[in-house]
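I have placed the structure first, in the form of structure tokens, so that the comments after it can refer back to it.
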Amino acid sequence: MKFFVLLAGAFSRFSAKERSMKVIEVTRLDNSTVIINVEQIQALHAAPDTVITFTNNVKMIVRESVDEISRRITEYQRAVHTSHMIEPRIPNDFSNSLQ
């Protein structure tokens, strides 16, 4: 059972809409999967379970470790930033124009 939590960072298995929403997937203690908006995360805390605090002060306890959630956020941010990078293209006659 999946829940979508839209509170107010992508994996290839997410749709373009989900990636544009800046989301990651986490697992609640009851093993239900939740998609959360990474830009709404204020803090991660291990106490001993991982507690995610959102910018609206809602808290969620999840199975993943703080390190795992941090890794997913970093992976998402890398995917987003590299997908927006433009590869430089050098024209074929560039070396001739330098002479």
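Among (1) under 15 Å from the mean Cα position of the chain (by Cα); (2) on the phi > 0 side of the Ramachandran plot; (3) of a type in the set (S, T, N, Q), there is one condition S70 misses while meeting the rest; what is its number?
Among (1) under 15 Å from the mean Cα position of the chain (by Cα); (2) on the phi > 0 side of the Ramachandran plot; (3) of a type in the set (S, T, N, Q), S70 violates only (2).
Filtering segment 42-71 down to residues that are touching a helix residue (DSSP H, G or I) at 6+ places or on another chain (Cβ under 8 Å) and surrounded by 13 or more Cβ atoms within 10 Å (Cβ to Cβ), which residue is farthest from S32 (Cα to Cα)?
Applying the filter and picking the extreme gives T55.
Out of the strands (runs of 3 or more DSSP E) lying entirely within the chain, which hold 2 or more residues that are modelled with pLDDT under 75?
Answer list for the chain: 2-4.
The values are calculated or read from the model by the stated rules, or taken from the named source; none is laboratory data. Note that the structure is a prediction, hence the values are computed from the model and not measured. No Cβ is skipped: glycine too gets one built from the backbone with ideal geometry, and neighbour counts run over all protein chains shown.
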